[in-house]
Amino acid sequence: MNTGRVSKPGAREPAAAGTLAALATLYLAQGLPFGFQAHGLRGYLTESGMDLKKVGLAGALAMPWTLKLLWAPLVDRYGSRRVGRRKSWIIPLQVLLALACATVAMTPPSQGLTPLLVLILLMNLLAATQDIAVDGLAIDLLKPHQLGRGNAAQVVGFKVGMLIAGGWLLWASPWIGWSGMFFVMSALVLAALGATLMLREPESAGDGDERAAEGSPGSLRGVLRSLLEALKVPGAGWLLLFVGTYKLGESMVDAMFIPYLIGSGYTMSDIGKWIGTYGMVASIAGSLAGGELARRMPLLGAVGLAAVLRAAALSGPWYLASLGGKPPAAGVLTVSILEHFFGGALTTAMFAFMMSRVRRSVGATHYTLLAGVETLGKTPGMLSGYVVAALGYRGLFALGVALSVAFLGLLLPLRERPSRDAISSQARRSYAGRGPG
């Protein structure tokens with residue numbers, strides 16, 4: 001990993017595996033609240049009898065992940081040199097997130113949904129802010145040729161957190177109870193502090209450091225100026241559209257797949273086993289496969305291949321809904337595994353592509369912008385309940401497939417307009433001859 005010094009040719013990179021493991025652990029902690037919201041919360045709200053339109057709108061609790069660009073420049077600009085520019089944000093945020101999880105443990109749904117929803121919003125706010133700092137740390141540490149595996153660690157770590165909170169703990173909830181689920185999450189977040197403390201941040205202006213070469217901004221105004229310059233490069237608009245639409249169809253399908261299964265007669269235990277556990281394991285395997293694709297192929301080509309396979313897999317929920325009645329358990333499991341696997345591969349390939357296009361001098365802010373656009377592209381999923389009311393589950397799932405196929409058309413203009421300024425000169429040399437990826 002990049003420790004602020006230029007490695008001599010043939011020299012072994014220090015603690016590369018350890019750094020990737022530490023980054024994965026940090027992303028795991030951030031995935032815990034998101035995993036419960038994505039799988040557990042929707043199920044609890046549906047079981048409580050809440051209208052499907054409101055269940056879909058509950059996705060608004062994840063808005064901090066979309067809006068975090070508003071405060072990302074502060075995270076990029078300020079930090080303690082003694083503690084570490086990124087770690088001075090990550091450490092207190094982890095402590096606060098652990099406290100928030102413990103508070104949710106003492107606030108069961110029986111006490112009312114409003115306090116619970118407010119606390120989940122707070123958990124997302126803390127996790128999203130930590131994500132800004134951890135993304136910046138990853139950009140500081142990862143060299144261009146490490147983006148595939150680095151982003152695999154990022155996505156896999158986050159999804160393991162989702163697997164724990166939205167799968168294993170949900171499955172174990174009949175035995176450990178509501179409090180047990182969230183006390184375990186709190187303990188895991190505190191355990192991630194060890195990973196934070198073991199990481200050594202690179203010097204911000206070490207010899208040969210890419211950040212120094214690009215001119216690290218010395219003020220908040222400098223951060224914003226550098227970000228605006230990055231948005232003016234040729235093809236920047238196509239990049240934003242590309243990132244903002246690749247999950248559009250998938251998000252609409254995912255938002256209503258669990259309510260569809262519950263309405264068909266399956267239980268929360270079934271959901272936790274098939275989607276929260278087996279589905280997330282498949283998603284993690286897909287993320288690892290996506291990391292290898294990003295390492296062995298041009299990044300844009302890896303995104304395109306994974307997107308085609310993901311679009312095909314999304315036809316599974318439509319097929320189940322077309323059968324009528326209660327779908328067979330084997331079909332639900334197969335669809336969940338395929339959709340999660342290829343969706344995971346696409347996510348990792350896309351994140352590696354995004355990270356290759358950031359301006360490293362404002363890495364946290366620029367990547368947060370792209371990640372915010374990516375999250376914003378999933379917000380129409382909040383309206384999926386209204387689409388079900390108008391078209392039924394089959395119509396919604398067909399729309400999701402159509403949107404995923406339409407996204408493939410954006411591969412052409414993006415290939416024609418590669419950015420020449422978004423990555424450092426070293427990264428450009430590393431990716432020479434590989435198109436915009």
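Laboratory data are not the source of any read-out in this text; all were calculated from the coordinates shown. Keep in mind it's a predicted model, so treat the numbers as computed, not measured.
Assorted remarks:
- Straight-distance candidates among the lysines for linking to Lys326, with alpha-carbon spacing under 18 Å and chain neighbours fewer than 8 residues away dropped: Lys273.
- Summary of the geometry: segment 318-357 and segment 21-65, compared by the centres of their Cα atoms, lie 18 Å apart.
- Note that segment 88-101 has calculated 3J(HN,Hα) couplings of 5, 8, 5, 4, x, 5, 5, 4, 5, 5, 4, 5, 5, 4 Hz, one per residue in order, obtained from phi through the Karplus relation 6.51 cos²θ - 1.76 cosθ + 1.60 (θ = phi - 60°); glycine and proline are x.
- Extension reserve of the Ser322-Thr103 stretch, reckoned as 0.36 nm per residue once the Cα distance is removed: 74.6 nm
- The alpha-carbon of Lys68 sits under 28 angstrom from the alpha-carbons of these lysines, leaving out residues fewer than 8 places away in its chain: Lys53, Lys54, Lys87, Lys143, Lys159, Lys232, Lys247, Lys378.
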